[in-house]
1. R0 = 22 Å: FRET efficiency of ASN60 with LEU139, Cβ-based, nearest 0.05?
2. Take the Cβ-Cβ distance between LEU21 and ASP131 as r, set R0 to 35 Å, and report the resulting FRET efficiency rounded to the nearest 0.05.
3. Please work out the average accessible area per residue across the chain, using the 1.4 Å probe convention, and give it in Å².
4. Put one equal scatterer on each alpha carbon of the range 1-80, apply the Debye formula with no solvent term, and list log10 I(q)/I(0) at q = 0.13, 0.15, 0.22 1/Å to two decimals.
5. Among GLN154, PHE78, ILE32, flag the residue with its Cα farthest along the positive direction of the charge dipole of the chain, charges on Cβ as +1 for Lys/Arg and -1 for Asp/Glu.
6. Between LYS146 and LEU168, what FRET efficiency comes out of the Förster formula 1/(1 + (r/R0)^6) with R0 = 25 Å and r the beta carbon distance, rounded to 0.05?
7. Full extension from TYR7 to ILE77: what is 0.36 nm times the residue separation minus their Cα-Cα distance, to one decimal in nm?
8. Rg and Dmax of the chain, Cα atoms, in Å?
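The values are calculated or read from the model by the stated rules, or taken from the named source; none is laboratory data. In this text, all values refer to a predicted model and were calculated from it rather than measured experimentally. Glycine also receives a Cβ, built like all others from the backbone with ideal geometry; neighbour counts cover every protein chain displayed. Note: areas computed on protein heavy atoms with side chains; ligands, DNA, RNA excluded. Shrake-Rupley method; radii C 1.70, N 1.55, O 1.52, S 1.80 Å.
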Amino acid sequence: MSIIKHYQWKCFRIEEQPHLLPDGREISYTSIKHPGAVIIIPIDSNGDLVLVHQYRPAVNQWLFEFPAGTLEAEEDIFVCAQRELAEETNLAASQWQPLGHLLPVPSFCDEIQYLYVAQGLSATQGVLDDDEIINVVTLSVSEVEKKIVNNEIQDNKTLAAFLKARLLGFI
C-alpha cells in the first residue's frame, strides 16, 4: 500500500498510509501532516508577559495566546520563532531559551510545536499575515493566571507553554 494524499491546503495535507503497530499488525492510518510550529513566550524587563489577543475565525472568537506560527518550507525553527515574534508583536529579542516541544494533537496530526522564551525585548517592525487581526497585550503573571482561572485563556498551546515556563522558573 502506498501513501494516498486526500487533500492539500497551504502547507497542510491529509494522508492515508500503511502503518505497522507495535503488536505487528499493519493498518491503514489517515493523519494530518503539518510542517511544525513555534510558540514564543515573550517576557519583558518587568517580568510581564506579552500575548496577542487574536481573532480566530474557526471558533469565531478572540483568544489570548502567546505569539506563534507555522514553519515555512525548509525554514529553520529558530528563524521562524524570530520572524513570528516580529510579525505578531513588533518585537525582537536578544535572549532566547528553547524549552522543548509539544505534541498538540498526536491522535491525528504529526505537528510539533517548538517552545521558546524570548527576553531582552526591543521594538522592531513586523508585518501581519493577510488573515490576522491581532492586538498586542502585556499582562503580569498574576493577570495571566486570573485569565486562566476565569477561562479567558483557553488556547491549549498557551496554557501548556505557560505551565512549562512556570515550572522551569522563567515566570
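1. So, using R0 = 22 Å, E works out to roughly 0.40.
2. 0.35
3. Per-residue accessible area for the chain comes out at 57 Å².
4. -0.67, -0.80, -1.08
5. Projecting each Cα onto the dipole axis, the largest value belongs to GLN154.
6. Once rounded, the FRET efficiency stands at 0.70.
7. Roughly 22.7 nm would be gained on extension.
8. Final numbers for Rg and Dmax: 17.7, 56 Å.
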